[in-house]
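Read through the structure below, which is laid out as structure tokens, and then see the notes.
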Amino acid sequence: MGNITEEIKRRRTFAIISHPDAGKTTLTEKFLLYGGAINLAGSVKGKATARHAVSDWMEIEKERGISVTSSVLQFEYGGYCINILDTPGHQDFSEDTYRTLMAADSAVMVIDASKGVEAQTRKLFKVCVMRKIPIFTFINKLDRDANDTFDLLDDIEKELGIATCPLNWPIGSGKEFKGIYDREKKCVISYSDTEKGTREGTATEIPIGDEAGLRTLIGDGAADKLLEEVELLDGASAAFDLGLVQAGELTPVCFGSALTNFGVEIFLQHFLDMATTPLPRKADIGLVDPVENAFSAFVFKIQANMNKAHRDRIAFLRICSGKFDAQMEVRHVQGGKVMRLSQPQQIMADERKILSEAYAGDIIGVFDPGIFSIGDTVCSPGKKLQYEGIPTFAPEHFARVRQLDTMKRKQFVKGIEQIAQEGAIQIFQEFNTGLEEIIVGVVGVLQFDVLKYRLENEYNVEIRLENLPYEHIRWIENKEEVDITKIVGTSDMKKVKDMKGNPLLLFVNPWSVGMTLDRNKGLVLTEFGRE
């Protein structure tokens, strides 16, 4: 192994975000194909082939064809060590995506060329803007009929408020898709449809100045349109500026078709040229430099039962600085303990590789005996630092959970608590009524299906969910100064407590929040919980 500085500089860690169905999982697979991490890409949706996408491992994901949890994939390509964080596209899992973006240094945004920017992309994108992380755009599915290219770029600029700089330009789409024009090389790369599970086929390159060759290759109509568009483009689009890209204010755009492998490797090469090495991270002691500091990391995700046979829990850590060694002792800051991280591993979807070392920028999974929470910091025993916590999203949907077999109370409580520790659901209980009833809050309703499915399949517990009308939740900021039992609320208010015993108020109507504040002088309510 080279020295620590070289190893860290080789790292590129990014999250892939998109609306469901824009082709994100296919793109991830093709990256792995080029890195030699897999030999044949499986068709994601193809029910005939029982091979599912490498990054979708949870059964419910395989059934529904959507990514429910974020998975982590690492591969080598052209001297770089690349960590991909694949995120759920479905909006009901935006909280998981949000946490994943906290662990990434840049984001790849996949857009369907026939649909442009969709609702979910907008929401996720705002998180990137909030964190100022660089965004690289891949406009996918050019092998199908697409929207006008200028309209697609306009759409990104208007909807997402970021300037675009196309690195290449598509020639036609669907049946008329002829290839792409590379703006830097000033040449046309002809489209070749390869077999879906193999690497890029042979492509012909023709300089745009060779007009006769160009017309022979793509036809007169396509050549006229291209020459006109390139002239327009050179006059209209933002000039490429790496500083603006890295500040998250300009997104480089590439075009292609992940399904047929066209344009994927070109995009990957551009991305690696421009993406940053692991960056310093904010902690309570200031910015922590990845190279100059000893080992430190934070937990951004916890996942139970990744291995059916072992009923285990894995905490995912983003290493922020230094080198991790499997033999080293580390300090778990929130738990106040010095310990060894057990079974450190790299996870490639559902396959795992025990590792002996890892560096800043890497994502590792470690066995969690139930001591880690999302947002926790681990570091070398000699260091004293704590990374910023990850805020909790306020749930918008609530349901009462009833188990059908009361004899299975123990499994039920264990299952629901473990799933809650992963951060996908939040659980509450009635406040001071002595009732054992559990209320579940989620950001997106699909989480209810996942909860039901997982309790049945992983814990052998059947439940019935009864939807509740509450839509607004408030934590009590100054709970030490307030007698909760004496709060005078509205008729649609319910008092509950979370698993740490913190009191919360649920409301059906938004205006009830203001009325409750008016009736209880000194009460301070907040929309965000703290991890």
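The calculated FRET efficiency for residue 76 paired with residue 406, based on their beta-carbon distance and R0 = 60 Å, is about 0.70.
In this label model, residue 126 and residue 236 are separated by 2.9 nm, measuring between points 7 Å along each Cα→Cβ vector. Taking all protein chains into account, the per residue accessible area for region 216-317 stands at 40 Å² (1.4 Å probe). Between residue 145 and residue 337, the modelled labels are 6.1 nm apart [label points 7 Å from Cα along Cα→Cβ]. Accessible surface of region 354-410, 1.4 Å probe: 54 percent of it comes from carbon and sulfur atoms. Going down the table (9/384; 123/158; 337/414), which pairs top 19 Å between alpha carbons? Table pairs above 19 Å Cα-Cα are 9/384; 337/414.
Computing the accessible area with a 1.4 Å probe over protein heavy atoms, can you report the carbon and sulfur percentage for region 429-531? Summing carbon and sulfur atoms, their accessible area is 47 percent of the total for region 429-531. Show which lysines lie in cross-link reach of residue 486 when reach means a straight Cα distance below 28 angstrom and same-chain residues fewer than eight apart are skipped. Qualifying lysines at Cα under 28 Å: 494, 495, 497, 500, 521. The stretch between residue 114 and residue 328, if pulled fully straight at 0.36 nm per residue, gains 72.0 nm over its current Cα-Cα span.
Take the Cβ atoms of residue 492 and residue 211, set R0 to 56 Å, and the FRET efficiency comes out at 0.20. Computed with a 1.4 Å probe over protein heavy atoms only, the accessible surface of region 369-522 comes to 48 Å² per residue. Across region 226-378, the volume of the C-alpha convex hull divided among the residues equals 158 Å³ per residue. When the surface is traced with a 1.4 Å probe over the full set of protein chains, residue 289 keeps roughly 50 Å² accessible.
The values are calculated or read from the model by the stated rules, or taken from the named source; none is laboratory data. Keep in mind the model is a prediction, meaning the values are calculated, not measured. When we count neighbours, we look across all protein chains shown, and the Cβ atoms used for this are built from the backbone with ideal geometry, even at glycine. Side chains are part of the model used for accessible areas, which takes the heavy atoms of the whole protein and leaves out ligands, DNA and RNA. Shrake-Rupley method; radii C 1.70, N 1.55, O 1.52, S 1.80 Å.
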